[in-house]
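**Student:** Right, I'll just put the structure down here and ask away after.
The values are calculated or read from the model by the stated rules, or taken from the named source; none is laboratory data. Since we're looking at a predicted model, the values are computed, not measured. As a convention, Cβ positions derive from the backbone with ideal geometry for all residues, glycine included, and neighbour counts pool all protein chains shown.
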Amino acid sequence: MVSFLIYTAVVILLSVVAHRMLRGKAFLEEYYLGSRGLGVWALAMSYAATSASGGSFMGFPALIYQHGWVLALWVASHMILPITCMGLLGKRINQIARKSGAITVPDIFRDRFRSPSLGIVSSLIMVFLLIFYLVAQFKAGATIMKLLLGNLPAFQALAGWVQWIPARLALGSQGNQDAEYYLALLLFALLVVAYTAYGGFRAVVWTDVLQGIVMVAGVLILLVATLRHLPHGLGGVTRELQRRVLVPFTLDAEVETQVPPETLIVARSGSDAWRFATEEGVLLPTAAGSDDTSRVVTARYLDQRPLPQSFPPMTSLMIDGGEPLLADVRVLSARLSPRHNLVAPPGYDPVRADGFVPMTLAISYFFLWALAGAGQPATMVRLMAFRDSSVFRRAMFGVCIYTTLIYVPLLIIFVAGRTLLPAVGDPDEAMPALVLFLVPGFLGGIILAAPFAAVMSTVDSFLLTISSSLVRDIFQRSIRPDASPALLRRLSYGTTAGVGAIVLAGAMNPPRFLQHVIVLASSGLACSFLAPMFFSLYWKRTTTVGVYAGMLGGLGVCLVLYTLGWSGVGGVAGIEPYYLGGFLPFVWGLAASILLSVVGSLLSPRPCPDLVAFYFHQTRS
């Protein structure tokens with residue numbers, strides 16, 4: 001608690017100092033872009049910290065814990081992400097932003113094509129998708145704060161004051177969190193919204209530097225603590241996971257039934273019996289209380305004799321050496337594939353028959369992480385704010401080292417964590433649970449500040465991105481061009497706080513798996529902005545029609561494939577998209593965006609020669 005409070009106090013102090021620097025400067029350029037003065041460390045750490053979000057420290061560890069070593073394929077391109085994401089647009093977007101005086105990403109589109117409507121549409125797309133992203137981040141921040149403060153008497157007493165929230169705001173009986181979560185959510189929202197709204201871009205960047213240092217230190221300390229707890233090293237971890245065959249059982253119940261972690265299951269079929277232990281707890285709902293009366297329970301095999309390649313129909317389900325679990329719990333199915341384990345590709349998955357990362361998805365994820373980051377508005381803004389080219393080159397090299405120091409250790413830590421803590425109920429809690437298990441006390445508080453810092457560094461950047469779109473692109477440039485600096489200042493503070501309140505409401509009933517929501521938002525943003533921005537910066541023939549076609553077409557393809565998956569067409573449990581041809585929606589959305597940008601530009605009239613001359617240093621003939 002002490003270490004966490006020290007970290008929080010430093011964040012608040014940085015915000016206060018940044019607020020004082022707003023005095024005597026052009027408010028919007030300072031508040032949203034830091035007067036374009038980022039140095040090497042500020043650019044590198046801010047870019048890296050913004051990219052490392054709650055998905056990196058909560059969602060990503062949850063997936064490693066759930067699926068094992070195959071996440072190395074899932075995250076492989078993160079090591080080259082700075083080269084592709086920064087190098088693809090970096091110098092050119094900075095040049096164009098300085099030439100036009102752009103402060104935001106929609107500013108660039110608006111000025112590049114002299115199209116106010118293009119600026120408004122890009123702002124609305126950005127706000128829509130970033131709201132989804134922020135809901136997942138708020139859940140991650142609240143989860144960490146709840147686990148950190150949950151045992152304090154004062155926190156438990158305050159939680160009693162918000163017990164009405166689950167029933168009133170979390171859809172009644174469908175609310176999936178407790179009062180402690182809602183209190184932690186309120187505290188997290190108050191902290192991050194307050195320092196972002198008060199300090200602006202410079203506060204965000206300075207806290208990103210602090211948070212980046214905390215993240216690297218926390219991961220490396222946790223790596224050392226994890227390796228010290230492995231009696232046989234990583235080789236022993238891999239051998240144990242190879243022996244741990246996982247089988248997904250689909251169960252059905254007519255009365256509400258709690259199946260806790262480490263429940264002993266004896267599945268019988270005639271004279272044969274197989275013994276398993278459940279990996280995670282699950283609540284089987286009543287038929288009257290839910291349309292979905294079945295749940296998938298993952299169990300590991302305990303016996304030494306080989307399992308059959310396929311199971312016969314199960315006739316009974318027992319626990320504790322023969323006592324019936326419940327007479328009205330039925331085994332609907334149980335699947336076994338020797339390929340689906342926690343060691344070898346395609347990786348174990350409780351639902352998908354082709355495993356977690358088949359070859360097509362491995363290829364998709366490589367392109368997703370290597371390219372999607374370049375299409376994120378928050379990272380584009382960082383590239384608009386660096387001081388000069390030498391700063392940019394050195395920062396790009398530093399971010400490459402940083403991402404390697406984050407993601408490789410996380411992979412090792414949470415593969416090993418599956419053997420150290422085999423029964424974490426909610427995979428999204430694997431990170432804080434492992435920290436509290438391995439490193440209690442003051443040092444554990446410092447490590448827990450790492451995922452909290454990752455969440456905060458993303459939330460503050462995205463809050464400011466949304467606020468700038470609403471204040472600069474929609475209000476000032478489309479509604480009140482003559483707005484006074486005082487009005488813009490008040491509106492900026494209020495809009496940042498208002499967006500935080502909207503996201504807070506959305507996080508009251510959050511999704512279970514953070515990473516699915518994060519991938520959706522990242523994919524949608526990249527499919528909307530990457531190709532249109534690339535062609536706008538580098539291709540003289542690009543037109544407003546081409547940008548519209550690429551932006552709306554790429555987003556449309558991505559959302560359609562996600563909607564199909566959520567509707568049950570090829571999706572998994574209503575949370576995953578439809579994998580057309582086995583590839584992620586990002587692949588199809590980006591391909592559509594590139595094609596439509598080119599075709600739309602070629603089929604529309606040529607752009608204004610004055611614009612081409614201004615942005616590409618040409619003179620009219």
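**Student:** Looking at region 445-459, I want the residues that are farther than 14 Å from Phe60 by Cα and have a partner that is outside any helix (DSSP H, G or I) with Cβ atoms under 6 Å, at least 6 apart or on another chain. Which pairs are those?
**Tutor:** Ile447/Val439; Thr458/Ser53
**Student:** Still on this structure: From the set of residues in region 364-384 that are polar (S, T, N, Q) and over 15 Å from Ala395 (Cα atoms), which is surrounded by the most Cβ atoms within 10 Å (Cβ to Cβ)?
**Tutor:** The extreme case among them is Gln376.
**Student:** Separate question: Here's a check for you: in region 398-443, which residue that is without any contact (Cβ under 8 Å) to a residue 60 or more places away in the chain and either over 22 Å from the mean Cα position of the chain (by Cα) or not in a helix (DSSP H, G or I) (or both) is nearest to Pro61 (Cα to Cα)?
**Tutor:** Leu421
**Student:** For region 576-607, which residues satisfy the criterion of being of a type in the set (A, V, I, L, M, F, W, C) and outside any helix (DSSP H, G or I)?
**Tutor:** We begin by selecting, within region 576-607, every residue of a type in the set (A, V, I, L, M, F, W, C); these are 580, 583-584, 586-588, 590-592, 594-596, 598-599, 602-603.
Correct list: Phe583, Leu584.
**Student:** Still on this structure: Every residue in region 200-243 that is farther than 25 Å from Ala453 by Cα, modelled with pLDDT of 85 or more and among the aliphatic types (A, V, I, L, M), please.
**Tutor:** Listed by number, the residues that qualify are Leu230, Leu234, Val237.
**Student:** Tell me which residues, restricted to region 375-398, are aliphatic (A, V, I, L, M), under 26 Å from His516 (Cβ atoms) and either touching a Gly at 6+ places or on another chain (Cβ under 9 Å) or at pLDDT below 85 (or both).
**Tutor:** Taking region 375-398 and keeping what is aliphatic (A, V, I, L, M), we get 378, 380-381, 383-385, 391, 395-396.
This time we only want the ones that are under 26 Å from His516 (Cβ atoms), so: 378, 380-381.
Once the filter is applied, which keeps residues that are aliphatic (A, V, I, L, M), under 26 Å from His516 (Cβ atoms) and either touching a Gly at 6+ places or on another chain (Cβ under 9 Å) or at pLDDT below 85 (or both), region 375-398 yields Ala378, Val381.
**Student:** Looking at this structure, is Pro153 assigned by TED's automatic domain parsing to the domain that holds Arg472, over 16 Å from the mean Cα position of the chain (by Cα), closer than 30 Å to Val471 by Cβ and not basic (Lys, Arg)?
**Tutor:** no
**Student:** Additional query: What residue, of Gly494, Gly556, is surrounded by fewer than 19 Cβ atoms within 10 Å (Cβ to Cβ) and either under 15 Å from the mean Cα position of the chain (by Cα) or outside the structural domain of Met126 (by TED's automatic domain parsing) (or both)?
**Tutor:** Working: Gly494 fails: either under 15 Å from the mean Cα position of the chain (by Cα) or outside the structural domain of Met126 (by TED's automatic domain parsing) (or both).
Just a single option satisfies the conditions, and that option is Gly556.
**Student:** If only one of Phe534, Phe475, Phe529 is more than 26 Å from the chain's Cα centre (by Cα), aromatic (Phe, Trp, Tyr) and at negative phi, which one is it?
**Tutor:** That would be Phe475, the only listed residue that is more than 26 Å from the chain's Cα centre (by Cα), aromatic (Phe, Trp, Tyr) and at negative phi.
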